[in-house]
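Input: a single structure, listed below in C-alpha cells.
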Amino acid sequence: MHIVLQLIPKKYLIGGTLILLGLSGLLIMSTIVAITGEFEKDSQQSEVTEIEGGGIGVGTANVSPQVMKYQPLLEKYAQKHGLDASYVPIMMALMMQESGGRGNDPMQSSESFCGSVGCISSPELSVDKGVLHFKSVLEKAHYDLKLCLQSYNFGGGFINYVMKNGGKYTPELAISFSQLQYQKVKHTGNYHCVRPEMVPYSACYGDALYVNAVLKYYTGTITADGKPAAPASGGSGGKSGVKVIDAGKTLIGKTRYVFGGGRSQSDINAGRFDCSSFVRWAFEQVGMNVGPMSGVTTDTLKTQGQAINPKDMKPGDVVFFDTYKKDGHVGIYVGDNQFLGCQGKTGVAIASMEKGTYFGERFNGRVKRF
C-alpha cells in the first residue's frame with residue numbers, strides 16, 4: 001500500500017483528502033439538521049394543549065384527549081357547513097357527553113342522518129353529519145344554545161314544544177316534554193330513566209338534564225338568552241383595538257422570541273414570548289381574557305371571537321399566517337398592511353403584510369375580532 005501511495009502524485013493525494021473531509025462534513029451537518037428538525041417538530045406538536053372559543057363567550061372545552069383529537073375535523077366541517085368556529089368548543093363538550101370521543105360514531109349522529117342507530121361506521125362521517133345537524137338545530141332554535149343542546153338529545157319536536165310554551169328553553173320545559181313523550185312510549189318497554197332523579201317525575205324520555213351534562217365540560221360564559229355574544233365596544237377592531245396596539249407597542253425592542261415562551265410570569269418579566277403568548281398578553285393589558293397564560297396557542301386563538309372578511313380588517317383585529325403549519329403565526333393588525341407580532345429575528349415588532357413580503361405571501365385570510 002505504501003508503494004502505491006508513493007506512485008500517486010502528491011497533488012492528487014491532497015485533493016482526494018480534501019474531498020473526503022468535505023463529504024464527512026456534509027454528513028455531520030445533515031445529521032445535526034435532521035436531529036434539530038425532529039426536536040423542533042416535537043416541540044411544535046406539544047404546543048397544542050386545549051381549545052377555546054369566543055362567539056358564545058370566551059370559554060374552554062374541558063375534554064379528554066380522545067375528544068381533543070377531533071378538533072381539526074370539527075373545524076373542517078364547521079367551515080364546510082358555514083358554522084362559525086367559535087362553536088367548536090361547545091361541540092367538543094357535546095361529543096364528550098355523547099361518546100367521550102370513543103367508537104366509530106363519536107357525535108352519535110346516526111339517528112339524525114339516517115333515522116336509525118348504528119348506520120354510521122366512520123368517525124369522520126359522524127363529525128360531518130353531527131356538525132351539520134348541530135347547525136340545523138341551532139338555526140331552528142333561533143340560536144338559543146341551550147335549546148339547541150337539549151334538542152340535540154330530544155329531537156326537533158322539543159323546539160316546537162318550546163315555541164308553543166314561551167319560546168325559550170327552561171329546565172322545567174325539558175322535564176315536562178320528557179314526561180309527555182314518555183307517556184307515549186313507555187308501553188314499549190324500551191325506555192328507562194337514564195337519571196335516577198327523574199324517576200319521581202316519570203321524565204324518562206331522553207335526558208332531561210342534557211344541557212347541564214354538556215356544559216359541565218365547558219368553562220365559560222353564555223348570554224342570558226343563549227345567543228352568541230357580540231364583541232363588546234365594537235370588539236378588538238373598535239376603540240379597544242387601538243388600545244391593544246398601544247399596549248403591544250410598549251414591548252417593541254424589549255423582547256426576544258422564544259418558542260413556547262410567555263407562558264409563565266417569569267418568562268413575561270424576562271421578555272420571552274412567542275407569537276401567540278404575545279397576542280394573549282396584549283389583550284390582557286386592556287382587560288380582555290383570550291385564554292389562560294399556560295395554554296394559549298395559535299390554534300386556541302383562531303377559535304375565538306368573530307370571523308371578519310379581510311377586506312373589512314380594522315386595527316386591533318387578529319391575523320393569521322401559514323408558516324411552519326397552517327395558522328402557524330399570529331399577530332395584531334395595525335393598519336396599512338402591517339401587523340404587530342413577536343417574530344423570530346426581531347421579537348415584538350411591526351412587520352409588513354404587503355404582497356411580495358414574507359408574511360404577505362403567507363397571510364391566509366383568517367381574521368378574528370375579539
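The values are calculated or read from the model by the stated rules, or taken from the named source; none is laboratory data. As the structure is a computational prediction, the values presented were derived from the model and not from experiment. FYI the Cβ positions are ideal-geometry reconstructions off the backbone, even for glycines, and counts take in every protein chain you see. SASA here: full protein model, heavy atoms, side chains in, ligands and nucleic acids out. Shrake-Rupley method; radii C 1.70, N 1.55, O 1.52, S 1.80 Å.
Things worth noting here:
- Of the criteria (1) buried (at least 20 other Cβ atoms within 10 Å of the Cβ); (2) in contact (Cβ under 8 Å) with a residue 40 or more places away in the chain, which one V296 fails: (2)
- Check on T303, within 22 Å of Q79 (Cα to Cα) and surrounded by 24 or more Cβ atoms within 10 Å (Cβ to Cβ): yes
- All positions within region 175-208 that are closer than 20 Å to E111 by Cα and buried (at least 20 other Cβ atoms within 10 Å of the Cβ): F177, S178, Q181, Y182, C204, Y205, G206, D207, A208
- Scan region 329-346 for residues that are touching a Phe, Trp or Tyr at 6+ places or on another chain (Cβ under 8 Å) and surrounded by fewer than 17 Cβ atoms within 10 Å (Cβ to Cβ) and the total you get is 3.
- Scanning region 352-369 for residues that are on the phi < 0 side of the Ramachandran plot, of a type in the set (G, A, S) and not in a strand (DSSP E or B) turns up just one, G360.
- Contact map, region 83-104: residues that are touching a residue at least 60 places away in the same chain (Cβ under 8 Å) paired with residues that are polar (S, T, N, Q) and open to solvent by 10 Å² or more (accessible area, probe 1.4 Å), Cβ distance under 8 Å, separation 6+ or inter-chain. Pairs shown: D84/Q306; A85/Q79; S86/Q306; V88/Q71; P89/T60; M92/Q71; A93/N62; M96/S64.
- Screening the candidates A93, A85 for the property of being open to solvent by 20 Å² or more (accessible area, probe 1.4 Å) and in contact with a strand residue (DSSP E or B) (Cβ under 9 Å, 6 or more places away or on another chain) yields one hit, A85.
- Candidates Y169, Y201, Y205, Y217 - the one that is closer than 27 Å to P72 by Cβ, in contact (Cβ under 8 Å) with a residue 24 or more places away in the chain and hydroxyl-bearing (S, T, Y): Y217
- Options V242, V211: the member that is out of contact with any Phe, Trp or Tyr (no Cβ under 7 Å at 6 or more places or on another chain), open to solvent by less than 30 Å² (accessible area, probe 1.4 Å), at pLDDT 60 or above and not polar (S, T, N, Q): V211
- Test: residue in region 184-206 that is within 30 Å of M68 (Cα to Cα), basic (K, R) and assigned to a loop (DSSP other than H, G, I, E, B): yes
- For region 260-274, filtering for residues that are within 22 Å of F359 (Cα to Cα) and open to solvent by 10 Å² or more (accessible area, probe 1.4 Å) leaves 2.
- Among the residues of region 130-166, the ones that are open to solvent by 20 Å² or more (accessible area, probe 1.4 Å), charged (D, E, K, R) and in contact (Cβ under 8 Å) with a residue 12 or more places away in the chain come to 3 in all.
- Helices (runs of 4 or more DSSP H) within region 59-149 that include 1 or more residues closer than 21 Å to T303 by Cβ and within 18 Å of the chain's Cα centre (by Cα): 65-68, 71-80, 88-98, 123-140
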